[in-house]
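Comments concern the structure below.
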């Protein structure tokens, strides 16, 4: 057995070797010496079975060969960090025997795999390498980083990302911004070696110019002869492309790298490349999921009479995957509006896609004017058809500004908060149904008053729940914050109220996205509504004209009498033709005059061009020509045909206050 002094560990030269004391600076600066050694081909991955490769180590090997996380130096760009006291002792255990290298490589790859993003992955590489395997490390990444399967276009360009030093004062810090970019021609020998995935020593022939550029950040220090085999440059080759390079240097007081060390360096670079590759793929998926989710959220909220709306959406932190939160506001017949908020369980692109499907389903069901409990029932059935592993919470509310009532149903979602006009916040007691997707559980609607001036707040659990507090505590904090905002400004503007609500979020990293929908109830004055039920008889059209004339005269809209009577008569005549139950006629005055005619027939009328000899078929043609807008909506109990006409500005009712 070779005898060693206490200060002479594996990979170290004895003091005074070579005829004098060992210099402490890295050997670099001169042209490389051609040793005639042929760089090995790209090494096999661990466990390949080759006798000359670094095989997969056995299970349960300890990781104490690596310095603990608080030792060594962490990568940073571009400054250099000094190691903790005692790092030299860690360096004494540099892998020398095959068993040492296996144990070291096992622990190092585990450490590298802990990185959750690009910086963390490269930082763990630096901590794994220094001081156990090398005294300094420089990491260059390809610029731009390659994505996808197609080969990158243009020349091979590398940019310095990280530089770190070992326990000896042998590497000086690179000035900020210095030597940050290295351009390599695609035909150069060095680029060919990197693209082939082959690690090289510093004395490999024909690479001197490229080596000088790569090591320029530390080239200002005093130089000694060629780095030779005290330098290894290993390519970080991912699944499809070269991602960057790792340059490892040893000081002159350590043994030079060996062929076995070349394989270890290649394995470290390859595992790091796979980690960076995964980070890139995760980033692409997160970006696509974010884009997918944002396109599925409403681009704007509808402007409906009797209610004002505001919303917020905050994605989760960058380290978290995208969620499935959504909100919506859907206009319904009779100036009503459906308010919806939901949250698909899970965080992935699948969650965002399921969210889009459920939101589309809700919009379709809302268009049928179903009660809230029926909407949730059919939404639950749709979720089960999408798969048993897809569940979501949802709250569906319908606000009627004319009756000033609110109808709400809940499917496992946090309860809404109602801020009353006097500034008191109330947590609405809604029967909590099972989440969407469970199946076989009935849902229940609750009807309650919606006073004018009150504000309803719908939200997802990301607003009230975090690692530091539960949902109950968060909901109470939300209610308190709403009351505090109302105490400062009576009936606070919705935008300001949403901003105040978001202040309850934890200042740290959010694990979940947040959706928020606020609705201010303005109501609809009864004096601006006229409502009748008419039997489907031949004389009903004439009766409808009389009632319309009376209402418009009361509102001072005599200039609109002739046109409105004609349009009402045509629509009512069409309803009488198909209805078997009383017809509903409603007139509403806002900045437009809106007429709605409802009947129990599900057949929606379609405009057609009548021929010269046809007796009918011209009613909807007249409506289309004379009305500003018109439409027909199929309901669960029949249909509603409506049209709107602009009211002259001098005859409009007093407008509501601006939000």
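Where a number appears in this text, it was derived from the coordinates with a stated rule and is not lab data. Model, not experiment: these values are computed from the prediction. Counting neighbours? That spans all protein chains shown, and the Cβs are built from the backbone with ideal geometry, glycine included.
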Given the alpha-carbon gyration tensor of region 526-651, what are the semi-axes of its equivalent ellipsoid in whole angstrom, ordered largest first, with each equal to the square root of 5 times an eigenvalue?
23, 17, 14
Under Stokes-Einstein, region 297-521 at 10 °C and 1.306 mPa s, with its Kirkwood radius over C-alpha pairs, diffuses with a coefficient in µm²/s of 91 µm²/s
When the Cα centres of region 98-129 and region 391-422 are compared, how far apart do they sit, in Å?
52 Å
In percent, how large is the relative contact order of region 297-521, given Cα pairs closer than 8 Å and 6 or more residues apart?
25 percent
With N residues in region 364-474, Rg(alpha-carbon) / (2.2 N^0.38 Å) equals 1.14
Work out how much length residue 363 to residue 554 would gain on full extension: take 0.36 nm times their residue separation and subtract the Cα-Cα distance, in nm to one decimal.
65.0 nm
Could you check the simple spin-label distance between residue 299 and residue 189, using points 7 Å along Cα→Cβ, in nm with one decimal?
5.8 nm
Order of 555, 326, 532, 642 under a 10 Å beta carbon neighbour criterion, fewest first
532, 555, 642, 326
Expressed in nanometres to one decimal, the distance between label points 7 Å along Cα→Cβ at residue 157 and residue 637 is 6.7 nm
With 10 angstrom as the radius, rank 278, 639 by how many other C-beta atoms surround their C-beta, starting from the fewest.
278, 639
Virtual spin-label span in nm between residue 539 and residue 258, 7 Å along Cα→Cβ
11.4 nm
Could you give the length gained by full extension between residue 566 and residue 652, i.e. 0.36 nm per residue of separation minus their alpha carbon distance, to one decimal place?
28.8 nm
Residue order, fewest to most beta carbons within 10 Å, for 274, 201
274, 201
Grab the beta carbon distance between residue 625 and residue 385, set R0 = 45 Å, and tell me the FRET efficiency rounded to 0.05.
0.55
To the nearest 0.05, the calculated FRET efficiency linking residue 546 and residue 504 through their beta-carbon distance, R0 being 45 Å, is 0.20
